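Encoded as structure tokens, the structure appears first; notes follow it.
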Amino acid sequence: MQRKSLHRFKCIFPFLLLLFALACACACTPRTAAVTVDPEPMAVTFLPDPGDFLGCSGDAMTLEQVADAARGANYILVGEGHRNPLDHKIQQQLAEALCAGDNPLAVGLEMVAVDKNPVLDDFAEGLVPVDELPQELDWKNRWGFPFALFRGLFELAQKDSLPVAALNVSPDVARTIGRNGLEALNEDQRDLMPGRIIRPLEKQLDSLREVMGMHQELDADNATQWERFVTVQSVWDSKMAEEAVALRTRFNWPVLVIAGSGHVENGWGIERRIRLLDPNARIFSIMPWRGEPFDAQRADAFFYSPDQYRSRMGMLLMVLERGVVVKSVSRSSRADKAGLRPGDILKEANGVALDSLRDIHLAGVRAHDNKKPLVFVVRRGDDSIAVNVGMLRTERTKPLVKGMKPQATPPASSKTDPEGSASPDESAAP
């Protein structure tokens with residue numbers, strides 16, 4: 001019995017010795033001390049879900065609180081990403097909440113040019129139903145972004161008898177200025193121009209130069225191209241401000257202005273021009289917040305809306321902290337047949353790392369120009385797989401500025417991008 005116990009002890013003794021050595025090593029290893037740092041100011045006080053509202057303080061707000069804050073304003077400016085479905089949903093919720101108040105409301109739209117105001121007047125009179133607006137407004141050719149995203153706003157206007165007015169110059173005016181300058185406008189085009197072209201502030205120019213740099217066919221160092229680019233931006237913002245003021249004068253009601261975020265943020269675009277044209281006006285601005293570092297100066301209130309894009313391939317993409325995520329896929333769509341699935345994270349395409357929707361556009365341009373299929377590298381769970389969605393087919397068109405290399409045709413040439421400033425061509429995007 002003693003021999004068995006001694007044998008058992010000899011067998012486990014090396015193991016006990018190893019445990020003792022490890023314990024000694026751990027005791028002798030210096031521990032890393034926690035570093036004390038001064039806390040940075042807290043910009044946002046909660047982790048928002050898509051659709052949540054925030055004040056410029058970074059605190060949570062309800063839809064009703066935002067609407068109450070906006071009701072005292074003469075002009076309520078709501079920025080949007082033209083392709084972002086959630087932006088449109090929130091925008092329509094805001095409009096409905098504002099209509100629940102005692103004051104009537106007029107609506108001004110960037111999406112429609114002033115030469116189509118007779119159509120909107122007929123719509124207000126009940127002579128043009130919502131279903132006929134896309135054809136009557138030549139929506140597909142002039143604006144290009146899906147009418148379905150805006151349909152709810154028109155239905156609300158019809159239900160509550162809200163006057164709706166066009167704010168913008170026609171697309172051919174912007175194209176002519178971009179290609180050949182103001183001097184090339186014909187008499188009819190000049191009739192659509194703002195009475196006064198108000199130039200941007202110096203502090204906005206760096207932002208505009210950055211936007212211009214997104215256009216592969218534009219050269220910001222070319223003085224002529226730069227001047228025409230800035231002029232187009234100035235014409236857009238000046239005209240929209242002028243028409244918004246005219247709309248308020250006509251009805252003496254608060255005006256809800258719906259425009260791309262680039263025309264609303266920081267008060268640089270439409271708001272600044274309204275303040276020059278209607279100096280005593282009260283203005284309230286509401287902007288989407290994409291989750292970037294929070295900048296309270298961009299607007300008076302915000303709604304959290306990650307970048308989203310409904311691809312023509314039949315998938316909805318959303319930019320979240322973990323990357324560009326496939327939110328949904330339509331059955332039998334090109335994305336479905338290629339093998340993309342909800343929850344997939346798009347990491348790379350044709351050598352382009354995908355951190356934003358713009359990166360997907362750049363990958364599409366690269367695939368198109370190199371006559372190669374678009375191939376996504378996708379993370380699905382713990383696996384990394386390649387998904388080939390095939391060749392991208394696009395049409396070709398004349399360049400925006402004379403002398404530039406022709407680019408693929410966007411849905412409607414020389415209009416604003418999803419955030420509202422002049423955008424690079426998007427037709428090669430998947």
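The values are calculated or read from the model by the stated rules, or taken from the named source; none is laboratory data. In this text, all values refer to a predicted model and were calculated from it rather than measured experimentally. Note that each Cβ is placed from the backbone with ideal geometry, even for glycine, and that neighbours are counted across all protein chains shown.
Structure above, values below:
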item: Residues (surrounded by fewer than 18 Cβ atoms within 10 Å (Cβ to Cβ) and either under 19 Å from the mean Cα position of the chain (by Cα) or assigned to a helix (DSSP H, G or I) (or both)) located in the range 248-258; result: THR249, ARG250, PHE251
item: Among the candidates ASN252, ASN266, residue that is without any contact (Cβ under 8 Å) to a residue 40 or more places away in the chain and not aliphatic (A, V, I, L, M); result: ASN252
item: Test: GLY79 is surrounded by 22 or more Cβ atoms within 10 Å (Cβ to Cβ) and either closer than 19 Å to TRP143 by Cβ or touching a strand residue (DSSP E or B) at 6+ places or on another chain (Cβ under 9 Å) (or both); result: yes
item: Residue match in the range 191-199 (condition: exposed (fewer than 14 other Cβ atoms within 10 Å of the Cβ), part of a helix (DSSP H, G or I) and not aliphatic (A, V, I, L, M)); result: yes
item: Residue list for the range 268-301, filter: charged (D, E, K, R) and in contact with a Gly (Cβ under 9 Å, 6 or more places away or on another chain); result: ARG275, ARG282, ARG290, ARG298, ASP300
item: Evaluation of ASP87 against (1) closer than 26 Å to GLN225 by Cβ; (2) of a type in the set (Asp, Glu); (3) surrounded by 17 or more Cβ atoms within 10 Å (Cβ to Cβ) (one fails), failing number; result: (1)
item: When residues of the range 259-302 are limited to those that are among the acidic types (Asp, Glu) and closer than 12 Å to GLY55 by Cα, the one surrounded by the most Cβ atoms within 10 Å (Cβ to Cβ); result: ASP300
item: Which listed residue, of ARG379, ARG341, is part of a strand (DSSP E or B), among the charged types (D, E, K, R), at pLDDT 95 or above and surrounded by fewer than 20 Cβ atoms within 10 Å (Cβ to Cβ); result: ARG379
